[in-house]
Amino acid sequence: MIEFLHDAQTSGPPSLATRLPIIIGKPPAKTVTDPSVPSFVHWNDDGIRDLIVGEKTGVTTARVRVYLNVGTPAQPQFSAYSYAQSNGADLVCAAGGCLGCFPRVVYWDTDDRKDLLVGLADGRVMVFLNTGTEASPTFDGGTLVQVGTAGSVANLDAGARATPSLVDWDNDGDNDVDGEDLEILVGCATGPELGLMVDACTAGDFDEDGDVDQTDFGYFQRFWTGAR
């Protein structure tokens, strides 16, 4: 079952106590065979957000379901799904344990066509570049995302169950992890007794314990070097 938390407030802090099922076709129903990884995105460029869902389809395989929104922006409704395509066939990625795949729509390169960034169960991350159009995306075979400096490049490896997000950490106009990102992380480091200094530092709190500390620098090092 895929649900969303409805904010009943019209102003002020959100109130997310109401859980509502997402309607697929007629009755609400379980839509994937394993834990789902949903994302609400513009898929076919019609101005209405659609639903993509990472699904574990086998012991070692996963796919990405696409549910096009046949409703309205105010009242989304979804019909039958199709699978995201790669080189003329279903896009398939490696699954394991409790994670199929973790797909996110991103704009990876400069061609103004949506791409797919996919976190894998083994901790690695793949990017699938759009070889179709913005309104009708289809993807290449995918490549592993790599990190590091010249001469020491390695595959990005988060250890297990990678859940990537592409952001401009330091507001420098790119979506990379670079030296300026490290400087910002240092500036956010406060230790457990002080908590987060500013909201912007939340992105550096990798272990979500309320501060940026030595443990978070360890996570940052994984992204920087590709080490476990």
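Mind ordering 44-51, 94-101 by average Cβ neighbours within 10 Å, highest first?
Result, highest mean Cβ count within 10 Å first: 94-101, 44-51.
Would you list PHE139, PHE40, PHE102 from the most to the least accessible area, probe 1.4 Å?
Largest accessible area first, the list is PHE40, PHE102, PHE139.
How much accessible surface does GLU55 have with a 1.4 Å probe, in Å² rounded to 10?
That residue has around 10 Å² of solvent-accessible surface.
Output the relative contact order of the stretch 61-175, whole-number percent, from Cα pairs under 8 angstrom with separation of 6+ residues. Intermediate values should be presented prior to the final figure.
Numbers: 244 pairs, mean separation 22.8, N = 115.
Once normalised by length, the contact order is 20 percent.
For TYR83, what accessible area in Å² do you get when you roll a 1.4 Å probe over the heavy atoms of the protein chains, rounding to the nearest 10?
Accessible surface of TYR83 is approximately 50 Å².
Whenever you get a sec, line up LYS56, LYS114 from highest to lowest accessible area (probe 1.4 Å, protein heavy atoms). The partial results should precede the final answer.
Values: LYS56 25, LYS114 0 Å².
The residues order as LYS56, LYS114, largest area first.
Once ligands and nucleic acids are excluded and a 1.4 Å probe is used, how much of SER79 is accessible, expressed in Å² to the nearest 10?
About 50 Å², rounded to the nearest 10.
Let me make sure I get this right: for the stretch 78-146, a, b and c are the square roots of the gyration tensor eigenvalues over alpha carbons, sorted descending. Under 1.5 in a/c it's rounded, otherwise prolate if a/b > b/c, else oblate. Which is it?
On the way: a/c = 1.88, a/b = 1.24, b/c = 1.52.
Oblate shape, in that a/c is at least 1.5 and b/c is the bigger or equal ratio.
The values are calculated or read from the model by the stated rules, or taken from the named source; none is laboratory data. A quick note: this is a predicted structure, and the numbers were derived from the prediction, not measured. Neighbour counts are summed over all protein chains in view; Cβ atoms, including those assigned to glycine, are modelled from backbone coordinates with ideal geometry. We work out accessible area using only protein heavy atoms, side chains counted, and drop any ligands, DNA or RNA first. Shrake-Rupley method; radii C 1.70, N 1.55, O 1.52, S 1.80 Å.
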